[in-house]
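A short write-up of the structure that comes next.
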Amino acid sequence: MAKSSLNNDLSIDPLNIPQHVAIIMDGNGRWAKKRHLPRVAGHRQGMQTVKTITKVASDLGVKVLTLYAFSTENWKRPADEVKFIMNLPVAFFSSFVPDLIKNNVKVRVMGILDQLPKKTQEAVNNAIEETKNCTGMVLNFALNYGGRSEIELAVKDIVKEVEAEKISSADVNEDLISDHLMTGSLGSLRDPDLLIRTSGELRISNFLLWQIAYSEFIFTDTLWPDFNENIFKELILEYQKRDRRFGGLDKKDS
Ligand code: FPP
């Protein structure tokens, strides 16, 4: 990991900020267990970290921050925990929308939303509506999201369009597939430049499977509730040391 001096914003190159940062926020349960607290205490603290990192990312000039809040597999958790997580967007937006507007942050959500409890849907839809005129960073929550089901839905959409003769099978290419994914409306920002996973787990867990083809990955041992501004900035510095070749050669080698 980058050995930067903490809080040394000067060493972050403002011209090389990852435009789209995606985060797998992991380790809430372990954070709580270490403190002999119920797991949900970790999720509550994790929500505070979301607030901190949203502000830091927006201030740094990140254009899209995608946060994996609930996967299509997370329904397997105990009902009480699921209920608690489903209430987090309600608590988050009811306290944080004014700050989001002040920071010009626009809320967006991706996932199978009609399976969410009504009050979660309402909280999310209100936040989208209230921030719709914001023109700064997009705060994109993945809620009841799964990469494989996203691809399945995109394929079904494309097949329907071919069957309806709106497009022909010859039109099916990488761009068309990207357009049909849940990140499609993000246009040129749809693929993350940087994917971070906290808590030391070295897995992708069905997150943005198509979109991360050329993302830089950083895995940090920090548990999500302990993740903070300094650590985020260190990871941005680490990203800035990476040599992104997208399958090509370094300029100096070509
Ligand atoms: C993974 O940690 C975390 C989750 C499944 C929930 C993530 C949700 C938040 C961080 C809050 C989101 C906030 C909003 C506004 C939606 P884990 O429970 O798997 O941790 P463990 O691996 O240590 O058990």
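The values are calculated or read from the model by the stated rules, or taken from the named source; none is laboratory data. What you see is a predicted model; the values in this text were computed from it and never measured. Cβ coordinates were reconstructed from backbone atoms using ideal geometry, including for glycine residues, and neighbour counts include every protein chain displayed. We work out accessible area using only protein heavy atoms, side chains counted, and drop any ligands, DNA or RNA first. Shrake-Rupley method; radii C 1.70, N 1.55, O 1.52, S 1.80 Å.
Brief remarks on what is shown
- With respect to the conditions (1) under 23 Å from Thr49 (Cα atoms); (2) of a type in the set (S, T, N, Q); (3) more than 16 Å from the ligand (Cβ to nearest atom), Ser205 falls short on a single one, namely (3).
- A count restricted to the stretch 68-84 and to residues that are among the hydrophobic types (A, V, I, L, M, F, W, C), surrounded by fewer than 21 Cβ atoms within 10 Å (Cβ to Cβ) and near the ligand (Cβ under 9 Å from one of its atoms) stands at 0.
- Residue in the stretch 81-93 that is within 27 Å of Asp191 (Cβ to Cβ) and among the charged types (D, E, K, R) present: no
- Test: Leu60 is more than 12 Å from the ligand (Cβ to nearest atom) and at pLDDT 95 or above: yes
- Leading residue by the ranking (nearest to the ligand (Cβ to nearest atom)) among those in the stretch 17-57 that are of a type in the set (A, V, I, L, M), within 25 Å of Tyr214 (Cα to Cα) and open to solvent by 20 Å² or more (accessible area, probe 1.4 Å): Met25
- Sole exception among (1) within 16 Å of the ligand (Cβ to nearest atom); (2) surrounded by 16 or more Cβ atoms within 10 Å (Cβ to Cβ) for Asp221, by number: (2)
- Test result for Gly200, open to solvent by less than 40 Å² (accessible area, probe 1.4 Å), more than 25 Å from Gly61 (Cα to Cα) and not aliphatic (A, V, I, L, M): yes
- Search result, residues across the stretch 221-235 that are under 9 Å from Gln45 (Cβ atoms) and assigned to a loop (DSSP other than H, G, I, E, B): none
- Asn103 being among the polar types (S, T, N, Q), more than 13 Å from the ligand (Cβ to nearest atom) and touching a Ser or Thr at 6+ places or on another chain (Cβ under 6 Å): yes
- Answer residue from the stretch 122-145, given it is more than 13 Å from the ligand (Cβ to nearest atom) and closer than 17 Å to Met182 by Cβ and is most open to solvent (accessible area, probe 1.4 Å) among those: Asn125
- Among the residues listed as Glu150, Glu163, the single one being loosely packed, with under 14 Cβ neighbours inside 10 Å, under 30 Å from Asp114 (Cβ atoms) and among the charged types (D, E, K, R): Glu163
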